[in-house]
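These notes are about the structure you will find just below.
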2 protein chains.
Amino acid sequence: MIPKGTVKRIMKQHTEMNVSAESVEKLVELLQEIIVTTTQIAEQNAGKDKRKTLKARDIEQCDAERLRRKIVEVSERTEKVNILTNEILNVVANELERY
Amino acid sequence: MIPKGTVKRIMKQHTEMNVSAESVEKLVELLQEIIVTTTQIAEQNAGKDKRKTLKARDIEQCDAERLRRKIVEVSERTEKVNILTNEILNVVANELERY
């Protein structure tokens with residue numbers, strides 16, 4: 001478990017507002033989720049390269065992939081986003097990977 | 001600074017692969033960035049409500065806003081994404097906020 005004290009300290013370095021215990025808990029929860037998702041995506045990236053070790057570049061590629069998954073998930077559950085949009089979103093995700 | 005040992009332990013719980021030191025460092029870096037960005041967006045959310053304390057719901061709304069910013073940033077730097085796409089992407093970001 002990521003230590004709440006550390007997260008709270010970093011938060012307080014970047015805001016003048018009071019930082020409630022519940023906001024720290026929510027952020028810790030989000031960070032834990034990100035570690036899990038990122039690790040799973042990184043594993044797939046390493047697998048594609050037939051490696052058995054996760055490298056820094058596997059983690060870097062995750063940001064683009066996480067965004068792509070989220071976009072696809074949203075576009076699948078709303079009628080407002082159609083096939084054409086999926087194409088456009090793929091262009092965005094590919095662009096993200098390039099930078 | 002988020003402890004590398006903790007992050008590595010969580011990663012190892014979710015992959016059978018070896019976890020290199022550089023991949024842990026990269027993920028810690030990403031998590032630190034997410035804490036900073038999330039805190040700044042949460043502060044804006046709390047400010048809109050004229051509150052002086054960050055609450056859990058301010059953190060929850062950040063995920064949608066972070067995605068929106070990233071999409072806008074990408075769409076601004078590529079010619080393939082035009083004004084129409086921005087509209088579509090706003091629909092996506094708004095849908096994300098609703099769930």
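The values are calculated or read from the model by the stated rules, or taken from the named source; none is laboratory data. This one's a predicted model, so the numbers in the text were calculated from it and none came from an experiment. Because the Cβ atoms are built from the backbone with ideal geometry, glycine has one as well, and the counts that use them run over all protein chains shown. Calculation scope for accessible area: heavy atoms of the full protein, side chains included, ligands and nucleic acids excluded. Shrake-Rupley method; radii C 1.70, N 1.55, O 1.52, S 1.80 Å.
Over all directions, the projected convex hull of the C-alpha atoms in the protein assembly as shown averages 11.6 nm² in area. Sorted shortest first, the distances from the residue B:4 label point to those of the same residue in the other copies are 2.8 nm; each point sits 7 Å from Cα along Cα-to-Cβ.
Membrane-span-like helices in chain B, defined here as complete DSSP H runs extending at least 20 Å along the helix axis by their C-alpha atoms with mean Kyte-Doolittle hydropathy no lower than -1.0, are B:21-48, B:83-98; this is a sequence and geometry rule, not a statement about a membrane. Copy-to-copy label distances for residue B:36, where each label lies 7 Å from Cα along Cα-to-Cβ, are 2.7 nm in order of increasing length. Across chain A, the relative contact order, built from alpha-carbon pairs under 8 Å that are at least six residues apart, equals 19 percent. For the chain pair A and B, the interface hides roughly 5300 square angstrom of accessible area in total, found with a 1.4 Å probe.
Taking the Cα centre of chain B as origin and assigning +1 to Lys and Arg Cβ atoms and -1 to Asp and Glu Cβ atoms, the resulting dipole is close to 380 debye.
For chain B, the direction-averaged projected area of the alpha-carbon convex hull comes to 9.1 nm². Take residue A:72, move 7 Å from Cα toward the beta carbon, and the resulting point lies 2.7 nm from the same point in each other copy, nearest first. A 1.4 Å probe run over chain A, with the rest of the protein chains in place, finds 55 Å² accessible per residue.
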